[in-house]
Structures are given as structure tokens and as C-alpha cells.
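The values are calculated or read from the model by the stated rules, or taken from the named source; none is laboratory data. Model, not experiment: these values are computed from the prediction. Quick reminder, even Gly has a Cβ in these numbers, built from the backbone with ideal geometry, and neighbours come from all protein chains shown. Protein only, heavy atoms only, side chains kept; ligands, DNA and RNA dropped before computing areas. Shrake-Rupley method; radii C 1.70, N 1.55, O 1.52, S 1.80 Å.
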Amino acid sequence: MDATNRNASVTSAQVRTQAAYKNRWRTLLHNPKLLVIAFFASFGGFEYGYQQGVLGQSLVMTRFKDNFPSVVNSSSATGWLTSILQLGGILGSLSAGVLGEIFSRKHTMFSACLCVVLGSYLYIGASYHKPGLLYAGRFFTGVGVGLFSGVGPLYNAEIAAPELRGLIVSFYQFATILGIMLSFWIGYGSNYIGGTGESQKNLAWQLPSIIQGIPAAILACGIWWLPFSPRWLVKKGRDEEALQTIGYLRKLPVEHELVQVEYKEIKAESLFEQRNFEKHFPKLAAKEASNLWAREFAQYYQIVRTWDNFKRVSTAWLIMFFQQWSGIDAIIYYASNVFLSLGLTGGTQALLATGVTGVVFFVSTLPAMAIIDKVGRKPMLIVGSVVMFCSMIIAGVMVAKFRHDWVAHSAEGWIVVAFIWIYVGAFGATWGPVSWTLVSEIFPLSIRAKGASIGASSNWLNNFAVAFFVPPMLENWAWGTYIFFAVFLAVGIVWVIFQLPETKGATLEEMDRVFGSRTGAEDAILLAEARREIGLSMMLEADAVNAVKHSDKVYEKGHERVEEV
């Protein structure tokens, strides 16, 4: 009986989500503040993307090369300067799992802003033949953007309705690519400060970092006006505030059926996870009550305690593994160097080609945000991987054939550049927005912040490896580097097809059904008891479904009357 009720409630939630999905664009027009909040909270993604493009631009600037020859003339030093950002990112993303639970998602983002501002202005303090502050600045910036990556997409996922979650979380990737594109063009423009030769000013390489700190400072000031995550509020026992926040985000009165059902689903999930943890780990649960920090660290054991949780953490980790080893950040970090190696003469021409790369990246992301909740996650990843795989293979073959004489084969060099642009466009339209969406949505409430932070740390750990090893790979392997990344893309296609579940349209509380979790009778009973205790009855859910359908009919009738007039 309990299992039947559980399955029925899941079906009701699915019907409600499907009904709401039909009205998603009208919902956004009626309630645009959700987009504003999501975009503002995604400034952390902007900082992440902007930082990815800044260093690669500097490496080909005359004044930077003159000031820091020990960095530019050594592939290992270049790799360290690039990858120290990732070391900071690993520390920040792992810290986000605990800080995001104790201090809230938005207050953790505030601390991230401070780190980015500090890092941005330490970086420009480096002086002639003294690159120490370059490393310090990039490390602190890495800590900041790492914190952002652990809580930013998670925050957006938790404020979004299920029918809009892919779009809302995609704002993080949208902001990331916007940052990459602007850093490319700012680098291209600042390269002309004082001229492109010996007369070039230090401001040429300093200005991009000066600009980098501005969005972080703006977010640090404005973040106090953002609402708390309603799911974090429920977990902290601030139920009335959570209910008011849901009503504010949905632009509905708190008495509305949709608001009540969403709140009760979150509350029931939280109660279930709490009781499940107390049942299996009574001693750790006792520590939770007495020590705030012990509670948070004790919950890391939840991640490996069951196969269900471990499977989701592994899924998040592998999503970011395959995203990074597709080679995208190798292109983003070292785009200017790559284009120079393809025969584009002079740093300025390479910077121009890099700027176009940023535009392609940005433009390709826009349609992905619109279709991710309709097409689904898996089809987008598969199609994107196939296009990227073909582009890498073709580019690798052409580099192998013509790399010894690009002067005589300049047309072929531009063909390779074109395939790199196709590759970047395919990533921007698929893996970019989809990977961050998946990492932020697949976890149960009890381990969501920590699971998302581990997924983000995978991004940074693998990003570190890519950033560190690619300079010598490009130098020694040349065309083999492209084939190397193509192999990982091929393996990623197989993994997505056979191992990754489709999460389109499921509520955050329904991810257990998607992953086939909680099939045991005891868990089903615990969840059913929690739902009954909270008052999440089938009648209430049915009322919510009818409320969505009614609003749809009202709109259609109004539209028909307008057409008649």
C-alpha cells in the first residue's frame, strides 16, 4: 500500500511537471525576476570563464613576455602558472560542500567574491622579472571561482521549477562563456595599449585583470538582496521563510496549491533523509545535534555509505572528467598559442582568431539553453560528442600532414582553425550547459551540496591536469594531442549512452526514481510516512495539477478571444 502510494505520488509529480512545461515561456514572461536572480547569481561563472581566457591572451603580448621571460620561455612554468588556478579551484570547490551547508549558498558566494577581488589585484602587482604575485593572484582567484562552481549552479537548481531547471542552471555556463568571450576581446583590444611592439605598456596585460575584479565586487554588494535557497531553509528548520521564498520565486501567494506542494515535497524529502540517516547512523546523528561542524563532516560518510549515493557521486565526477578531457580547456587556455602553431603570423592575428573563438562559444550556447529542457540531456551530449570527435580527428590529421610548412599551406591552416571553431561551438551547445545542469540536479537533499562540490572538484582536478600537461603535449606531440582528446571523446560517448540516466523534467525530489534508488521496502515505508506526516496527499497534488492545467486553459481562451478581435 505504501509503495503504491509512493509510485502514485511520483506519477502525480510527473504530470504536474509536464503540464507546467507547456507554460514555461509564459511563466518566464510573467515572472522575469527568476531570470534576473539566476543571471546575477551566475556572475561566479562569468569570473570562471573570464579567468580562463585572461592568461592565454597575456602569454603572446610583447610586454608580458619581456617582463616574465622565465614564465613564457618554459612550458613547465607556463603550465604551473596556468594550473595553479586549478589548485585553488580544487580547494574552493571542496570547501563549498561544507560552507554552503553551514553558512548558506549565497553567503558562500559572498566569500567567493572577496577571494576573486583579492586575486585580481594581487595579479597586477607582479613586477619586472618577479612573477611571484602572478602565481598568488591566480591561486586566490582559483579559490574564489572554485567556491562559485560548488554553490552557483546548485543555488540556481534549487530556486528553479523543474520545467525550467535546465534553462536556469544553464545561466552559469552562459555566464562562463560570456566571460571567456569578453576576456578574449578585451585581451585583443588591450594588446594595442602603447602599440603591439616594444612600446607596449604594462597596462596591456594588467587591464584585463583590473576589469576581472569589477563583476565580483558588484556581486559582493548585490548578493544580500538575493533570496536564500528554499531547500537550504527547510534543511535549517526555517520553514515559514522557505514557504515565503517559494511564493516569491513563483510569484504566487503562499496559499496556492503549487507553492504548498513544492514546499511539502521539499519538507518530506528533508524529513526522510534525516530519519534515514538517524536510523543507520545513530551515533553520527547524535554528533550532528551537538556539533555543527561534526554534523557536516559526518554527512560525507553518507556519500559512500550506500551504492545509490556513491553511484550519483561517481556520475557527477565522471561527467566533469569527460567534459575536461574532451580538450575544451586546452583550447580555451592556449588558444592563442594553438593558432600561432597553425601558422597565423604574429600575436595580433592569433588574438583575433581567439576572439572569434569566444564569439562562436557564446553564440552556440544560446540555443542550447532554450532546448535543454525539451530535448533532454543525453541526446545533446551524444550529438555534441560526435561533432567534437570528428572535428578533433580532422584537425589532427591535417596538422600531421601540413605542420612542417604552414607558410605554403596557409589555406589548410585556416581549415584547421575552422574545425576548432566547430569543435568549440559543439561543446558550447551541448557539454557546456548540460554538464553543470546534471551535477547540480542529481543528488538527494542530504548530500546535495557536498555531492555538487565533489562534482565541481572533479572539474578543477581534471582541469588542473589538462592545464599542466597540455603545453608540453602541444610542443612534443603536436597532432597527437588532437587524437588524444578524440579518444576520450569516443569513450565518453559510450559512457553517456550506456550509463547516464536521463533527468529531463524530473523534480529534484524525483531523482531517486531516475536513478532507481530506494527500491527497498523499508525506505519506501519511511518516505511514505514522511509524506503523510507532512500532509503531502494525493488530493493536494491533484489540486496542483488541476491548477496548472486551469491556468493553461485560461490562457488559451484568452488567446482565442484576442484572435477573434
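Considering region 377-391 alone, what residues qualify as being closer than 14 Å to Ser326 by Cα, crowded, with 22+ Cβ neighbours inside 10 Å and out of contact with any Gly (no Cβ under 7 Å at 6 or more places or on another chain)? Before the answer, list the steps.
Step one: list which residues in region 377-391 are closer than 14 Å to Ser326 by Cα, which gives 381-391.
Filter again for crowded, with 22+ Cβ neighbours inside 10 Å, leaving 381, 384-385, 388, 391.
Matches in region 377-391: Leu381, Gly384, Met388, Ser391.
Can you tell which of Ile159, Ile186, Ile193 is modelled with pLDDT of 90 or more, open to solvent by 10 Å² or more (accessible area, probe 1.4 Å) and out of contact with any Gly (no Cβ under 9 Å at 6 or more places or on another chain)?
Values: Ile159 fails: open to solvent by 10 Å² or more (accessible area, probe 1.4 Å); Ile186 fails: out of contact with any Gly (no Cβ under 9 Å at 6 or more places or on another chain).
Criteria check complete, one pass: Ile193.
What single numbered condition from (1) under 30 Å from Leu167 (Cβ atoms); (2) touching a residue at least 12 places away in the same chain (Cβ under 8 Å); (3) open to solvent by 40 Å² or more (accessible area, probe 1.4 Å) fails to hold for Gly49?
(3)
Look through Leu118, Leu85, Leu133 and report the one residue that is touching a Gly at 6+ places or on another chain (Cβ under 6 Å), open to solvent by 30 Å² or more (accessible area, probe 1.4 Å) and within 20 Å of Ala216 (Cα to Cα). Break it down into steps so the answer makes sense when it comes.
Values: Leu118 fails: touching a Gly at 6+ places or on another chain (Cβ under 6 Å); Leu85 fails: open to solvent by 30 Å² or more (accessible area, probe 1.4 Å).
Being touching a Gly at 6+ places or on another chain (Cβ under 6 Å), open to solvent by 30 Å² or more (accessible area, probe 1.4 Å) and within 20 Å of Ala216 (Cα to Cα) holds for just one of Leu118, Leu85, Leu133, which is Leu133.
Taking region 266-280 as the search range and keeping residues that are within 20 Å of Tyr301 (Cβ to Cβ) and of a type in the set (Lys, Arg), which one is surrounded by the most Cβ atoms within 10 Å (Cβ to Cβ)?
Looking at the filtered set, the residue picked out is Arg275.
Tell me whether region 24-34 contains one or more residues that are at pLDDT below 90, closer than 20 Å to Asn459 by Cα, open to solvent by less than 30 Å² (accessible area, probe 1.4 Å) and part of a helix (DSSP H, G or I).
Applying the first criterion (at pLDDT below 90) to region 24-34 yields 24-34.
Checking the rest, the ones that are also closer than 20 Å to Asn459 by Cα come to none.
Taking every residue of region 24-34 in turn, none turns out to be at pLDDT below 90, closer than 20 Å to Asn459 by Cα, open to solvent by less than 30 Å² (accessible area, probe 1.4 Å) and part of a helix (DSSP H, G or I).
Table: residues versus (1) hydrophobic (A, V, I, L, M, F, W, C); (2) within 18 Å of Ile422 (Cβ to Cβ); (3) under 23 Å from the mean Cα position of the chain (by Cα); (4) assigned to a helix (DSSP H, G or I).
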site: Val304; (1), (2), (3), (4): yes, no, no, yes
site: Ser314; (1), (2), (3), (4): no, no, yes, yes
site: Ile319; (1), (2), (3), (4): yes, no, yes, yes
site: Ala330; (1), (2), (3), (4): yes, yes, yes, yes
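If you scan region 228-254, which residues turn out to be in a loop (DSSP other than H, G, I, E, B) and crowded, with 17+ Cβ neighbours inside 10 Å?
Within region 228-254, the subset in a loop (DSSP other than H, G, I, E, B) is 228-229, 236-238, 251-254.
Hits for region 228-254 are Phe228, Ser229, Leu252.
Taking the conditions exactly as written (surrounded by fewer than 23 Cβ atoms within 10 Å (Cβ to Cβ) and on the phi < 0 side of the Ramachandran plot), does Leu366 satisfy them or not? Reasoning before the result, please.
Working: surrounded by fewer than 23 Cβ atoms within 10 Å (Cβ to Cβ): yes; on the phi < 0 side of the Ramachandran plot: yes.
Yes, satisfied.
Criterion first (hydrophobic (A, V, I, L, M, F, W, C), within 23 Å of the chain's Cα centre (by Cα), within 13 Å of Ala316 (Cβ to Cβ) and modelled with pLDDT under 90) does Ala465 satisfy it?
Against the criterion (hydrophobic (A, V, I, L, M, F, W, C), within 23 Å of the chain's Cα centre (by Cα), within 13 Å of Ala316 (Cβ to Cβ) and modelled with pLDDT under 90), Ala465 does not qualify.
How many residues, within region 93-137, are of a type in the set (Val, Ile, Thr) and within 14 Å of Glu296 (Cβ to Cβ)? Lay out the reasoning, then the answer.
As a first pass, look at region 93-137 and keep what is of a type in the set (Val, Ile, Thr): 98, 102, 108, 116-117, 124.
Next cut, within 14 Å of Glu296 (Cβ to Cβ) only: 98, 102, 108.
Final tally of qualifying residues: 3.
Pairs needed: first member in region 197-219, among the basic types (Lys, Arg); second member anywhere, open to solvent by 30 Å² or more (accessible area, probe 1.4 Å) and outside any loop (DSSP other than H, G, I, E, B); C-beta distance under 7 Å; at least 6 residues apart or different chains.
Listed by first residue and then by second, the contacts come to Lys201/Arg63.
Is it the case that Val360 is touching a residue at least 40 places away in the same chain (Cβ under 8 Å) and out of contact with any Lys or Arg (no Cβ under 9 Å at 6 or more places or on another chain)? Explain how you work it out, then say what you get.
Details: touching a residue at least 40 places away in the same chain (Cβ under 8 Å): yes; out of contact with any Lys or Arg (no Cβ under 9 Å at 6 or more places or on another chain): yes.
Spelling it out, Val360 is indeed touching a residue at least 40 places away in the same chain (Cβ under 8 Å) and out of contact with any Lys or Arg (no Cβ under 9 Å at 6 or more places or on another chain).
Select from region 305-320 the residues that are closer than 16 Å to Phe281 by Cβ and open to solvent by less than 40 Å² (accessible area, probe 1.4 Å) and list them in ascending order. Please lay out each step first, then the result.
In the first step, residues of region 305-320 are kept if they are closer than 16 Å to Phe281 by Cβ; the result is 305-306, 308-310.
Answer for region 305-320, where residues must be closer than 16 Å to Phe281 by Cβ and open to solvent by less than 40 Å² (accessible area, probe 1.4 Å): Thr306, Asn309.
Among the numbered criteria (1) modelled with pLDDT under 85; (2) among the small types (Gly, Ala, Ser); (3) open to solvent by less than 10 Å² (accessible area, probe 1.4 Å); (4) over 17 Å from Tyr155 (Cβ atoms), which single criterion is violated by Ala449?
Exception for Ala449: condition (4).
Report yes if some residue within region 192-209 is in a loop (DSSP other than H, G, I, E, B) and of a type in the set (Phe, Trp, Tyr); otherwise report no.
Within region 192-209, the first condition is being in a loop (DSSP other than H, G, I, E, B), and the residues that meet it are 192-202.
Subset that is of a type in the set (Phe, Trp, Tyr): 192.
Checked region 192-209: at least one residue is in a loop (DSSP other than H, G, I, E, B) and of a type in the set (Phe, Trp, Tyr).
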